[in-house]
Amino acid sequence: MVDTTSAISDQPHAAPPPVGLFEALLFWLKLGFISFGGPAGQISIMHQELVERRRWISEKRFLHALNYCMLLPGPEAQQLATYIGWLMHRSWGAVIAGALFVLPSLFILIGLSWVYVAFGEVPVVAGIFYGIKPAVTAIVVHAAHRIGSRALKNAWLWAIAAASFVAIFALSVPFPVIVLVAGITGYIGGRFAADKFVIGGGHGAAKANYGPALIDDDTPTPEHARFRWAHLLRLALIGAGLWLLPMGALIGSFGWDSTLTQMGWFFTKAALLTFGGAYAVLPYVYQGAVGHYGWLTPTQMIDGLALGETTPGPLIMVVAFVGFVGGYLNPMFGADQPFLAGAIAASLVTWFTFLPSFLFILAGGPLVESTHNELKFTAPLTGITAAVVGVILNLALFFGYHVLWPNGFNGTFDWPSALIAVGAAVALFRFKRGVIQVLLACALVGMTVHLLQR
């Protein structure tokens, strides 16, 4: 296969060649294995690859799609990949991009969850986690800087970002409220200060930085991305069938009160009722899985979150860990088949969690594409993007606190973790190293430190 990336870099002012479905499939598969760092890090990776290096999509169109995904319940990075895959290669492109964003993480988490439940704590694995956690903190800070440098183009947007940070950090305002207020602010700002709420810094900014894109600012919306009522109705029927068939099979085979059926119902609600991405979903999942159903203990949930943070794919893939542990400890195929029960539970939970994300993109994408040149629609989304920068910064502080003071401020300060975090930040900011390189180096250092401390 021809290396189109190097060809593009050699001709920065030429339009990229068309991208075939197989070439796109190889990229989405690669992304599924390297998408570390939570949604902030994953969006940063996609921006680097798709906007800066390959120029498959312009920054303005990328940010417009991102703004829509930020509005949806569910993992925004996976939805963004699904959206771009759909825009480039129709529904099959969406399915390939979205599924490959998730499947590597699912298989890895099933394996790691089995090791965790069956064999307990392994010093080498614990050491790897010890090194990766501060690295993830640095990656989130770096991603907040990258997204903020693109999205915060003026004092108005900086003010929205600062206000959202104060709201979530100091006042514990729910994320949906922050999104709503930021959207209203953007709408009002778009009416009275239109030039301050233009997505991506305007048409010329993206072209000056990266050159023309395959899907550029002025590229006409492809025929498959135009809104049609018949297409929307067909999607609704297909989506209902894809939910009803497995749910009906579970009820018929195990009953409504069984572990698998209740998992399917609970994670359907989690996918539909929680906004703000994985970090907003996690408290709801914790309350339900630990407090209400008792599928796992609080300690197991925290360990599962660590696994989710340190494996590729969306952080909400921690639901696969929840499903595996719940199925493994409550085997419905007999006491001698706990792994089978856990693996099926993890797969079903993943299905019910991500199915709505595909439907939201395929159904809503045509409406979004029809608004990318209309300020009255884009200005609210610009305001929301600015607010999300503040939320990501709060997340970085949250990670930093739990990594550097694992036992709270009354406990000791973890100097080795702090040094690893600083080293990761220097590698990312100063030396522009890749996420995978930073994670591997920090994992090695963390494993060495942890084993020496034993």
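The values are calculated or read from the model by the stated rules, or taken from the named source; none is laboratory data. Given the structure is predicted, the values throughout are model-derived calculations rather than measurements. Cβ atoms come from the backbone with ideal geometry, glycine included; neighbour counts cover every protein chain shown. Ligands, DNA and RNA are excluded from the accessible area calculation, which covers all protein heavy atoms including side chains. Shrake-Rupley method; radii C 1.70, N 1.55, O 1.52, S 1.80 Å.
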Exercise. Scanning for something more than 21 Å from Gly308 (Cα to Cα) and touching a strand residue (DSSP E or B) at 6+ places or on another chain (Cβ under 9 Å), does the range 349-367 turn up at least one residue?
Worked result: yes
Seminar exercise, completed: The condition of being farther than 27 Å from Leu419 by Cα and hydrophobic (A, V, I, L, M, F, W, C) holds, among Ala151, Ala144, Ala138, only for Ala151
Seminar exercise, completed: Only unsatisfied item for Lys133, checking (1) charged (D, E, K, R); (2) closer than 23 Å to Ala421 by Cα; (3) outside any helix (DSSP H, G or I), is (3)
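For every residue, the table says whether it meets (1) touching a Leu at 6+ places or on another chain (Cβ under 7 Å); (2) within 16 Å of Phe398 (Cβ to Cβ).
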site: Ile132; (1), (2): yes, no
site: Gly148; (1), (2): no, no
site: Lys153; (1), (2): no, no
site: Ile160; (1), (2): no, no
site: Ala163; (1), (2): no, no
site: Leu171; (1), (2): no, yes
Exercise. Here are some residues: Ala343, Ala335. Which one is of a type outside the set (Lys, Arg), open to solvent by 10 Å² or more (accessible area, probe 1.4 Å) and not in a loop (DSSP other than H, G, I, E, B)?
Worked result: Ala343
Exercise. Can you tell which of Leu440, Leu428, Leu395, Leu419 is over 14 Å from Ala126 (Cα atoms), surrounded by 14 or more Cβ atoms within 10 Å (Cβ to Cβ) and without any contact (Cβ under 8 Å) to a residue 40 or more places away in the chain?
Worked result: Leu440
For this session: Enumerate the helices (runs of 4 or more DSSP H) found wholly within the range 153-218, keeping only those where 3 or more residues are modelled with pLDDT under 85.
Result: 175-192, 203-210
Problem set entry | Matching residues in the range 219-232 - criterion: being in a helix (DSSP H, G or I), loosely packed, with under 15 Cβ neighbours inside 10 Å and at pLDDT below 90 | Glu223
For this session: Filter the range 419-454 for residues that are part of a helix (DSSP H, G or I) and of a type in the set (Phe, Trp, Tyr) and give the result.
Result: Phe429
Problem set entry | Subset of the range 248-264 (residues that are surrounded by 15 or more Cβ atoms within 10 Å (Cβ to Cβ), hydrophobic (A, V, I, L, M, F, W, C) and free of Cβ contacts under 8 Å to residues at least 60 places away in the same chain) | Ile251
Problem set entry | Yes/no for Phe324 being open to solvent by 20 Å² or more (accessible area, probe 1.4 Å) and not basic (Lys, Arg) | no
Exercise. Considering only the range 370-399, how many residues are at pLDDT 75 or above, under 21 Å from Glu59 (Cα atoms) and β-branched (Val, Ile, Thr)?
Worked result: 6
Problem set entry | Residue count for the range 50-69, restricted to those that are open to solvent by less than 20 Å² (accessible area, probe 1.4 Å) and either of a type in the set (Lys, Arg) or assigned to a helix (DSSP H, G or I) (or both) | 12
Exercise. Which of the residues spanning the range 13-43 are of a type in the set (Gly, Ala, Ser) and over 13 Å from Ala81 (Cβ atoms)?
Worked result: Ala14, Ala15, Gly20, Gly37, Gly38, Ala40, Gly41
